[in-house]
Amino acid sequence: PSLPWTMEPQVRKMDVVPGQSYRVDFNALNRSGKPVTGQAIPSIIPWQASNYFAKMECFCFNNQTLAGNESVEMPLQFIVSPDLPPNINSLTLSYSVMKIEAGSGQDRG
């Protein structure tokens with residue numbers, strides 16, 4: 001609640017072929033008039049699929065600082081392993097984005 005950002009994927013649902021690489025961009029907007037740093041924490045459902053979902057590039061790898069009223073595209077490049085068990089036919093990736101306070105010791109960027 002303390003993060004004044006709006007964030008959403010450009011594509012909400014996609015069909016993927018295991019073993020192929022995909023890219024999805026997320027739009028983020030800092031609704032405040034001052035710089036704000038956030039850190040995205042990914043989550044995969046069902047959790048059993050987590051070991052089969054690999055992120056090659058992700059905005060979640062580092063803290064993101066957006067200037068006041070700044071809007072950016074943040075990339076995610078991923079691949080689903082061909083070893084994904086056949087009983088898992090749907091994955092949901094979601095992010096929780098937390099505000100990182102200056103001087104908290106968590107700010108890496």
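The values are calculated or read from the model by the stated rules, or taken from the named source; none is laboratory data. Fair warning: this is a prediction, and the values are worked out from it, not measured in the lab. Cβ sites come from the backbone with ideal geometry, for glycine too, and all protein chains shown count toward neighbours. For the accessible areas, the whole protein counts, side chains as well, though only heavy atoms, and no ligand, DNA or RNA atoms are used. Shrake-Rupley method; radii C 1.70, N 1.55, O 1.52, S 1.80 Å.
So for the stretch 82-93 (the condition being of a type outside the set (D, E), in contact with a Leu (Cβ under 7 Å, 6 or more places away or on another chain) and touching a residue at least 12 places away in the same chain (Cβ under 8 Å)), does at least one residue qualify?
Taking the stretch 82-93 first, the residues of a type outside the set (D, E) are 82, 84-93.
From what is left, the residues that are in contact with a Leu (Cβ under 7 Å, 6 or more places away or on another chain) are none.
No: zero hits.
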| Within the stretch 57-67, how many residues turn out to be open to solvent by 60 Å² or more (accessible area, probe 1.4 Å), in a helix (DSSP H, G or I) and touching a residue at least 24 places away in the same chain (Cβ under 8 Å)? | 0
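Being in contact with a strand residue (DSSP E or B) (Cβ under 9 Å, 6 or more places away or on another chain), open to solvent by less than 30 Å² (accessible area, probe 1.4 Å) and either part of a strand (DSSP E or B) or touching a residue at least 60 places away in the same chain (Cβ under 8 Å) (or both) narrows it down to one of A49, A54, A28, so name that one.
On the way: A49 fails: either part of a strand (DSSP E or B) or touching a residue at least 60 places away in the same chain (Cβ under 8 Å) (or both); A54 fails: open to solvent by less than 30 Å² (accessible area, probe 1.4 Å).
Result: A28 is the single residue among A49, A54, A28 that is in contact with a strand residue (DSSP E or B) (Cβ under 9 Å, 6 or more places away or on another chain), open to solvent by less than 30 Å² (accessible area, probe 1.4 Å) and either part of a strand (DSSP E or B) or touching a residue at least 60 places away in the same chain (Cβ under 8 Å) (or both).
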| remark: The number of residues in the stretch 68-90 that are open to solvent by 60 Å² or more (accessible area, probe 1.4 Å) and assigned to a loop (DSSP other than H, G, I, E, B) is 8
| said: Based on this model, can you work out whether L93 counts as in a loop (DSSP other than H, G, I, E, B) and surrounded by 15 or more Cβ atoms within 10 Å (Cβ to Cβ)? | reply: no
| message | When you scan the stretch 10-30, do you find a residue that is among the charged types (D, E, K, R) and touching a Gly at 6+ places or on another chain (Cβ under 7 Å), even just one? | response | no
| Mind checking which residues of the stretch 1-25 are assigned to a loop (DSSP other than H, G, I, E, B), of a type in the set (A, V, I, L, M, F, W, C) and open to solvent by 40 Å² or more (accessible area, probe 1.4 Å)? | V11, M14, V16, V17
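Can you say whether V36 is crowded, with 16+ Cβ neighbours inside 10 Å and over 16 Å from the mean Cα position of the chain (by Cα), as far as the supplied structure shows? I'd like the intermediate steps shown before the answer.
On the way: crowded, with 16+ Cβ neighbours inside 10 Å: yes; over 16 Å from the mean Cα position of the chain (by Cα): yes.
Against the criterion (crowded, with 16+ Cβ neighbours inside 10 Å and over 16 Å from the mean Cα position of the chain (by Cα)), V36 qualifies.
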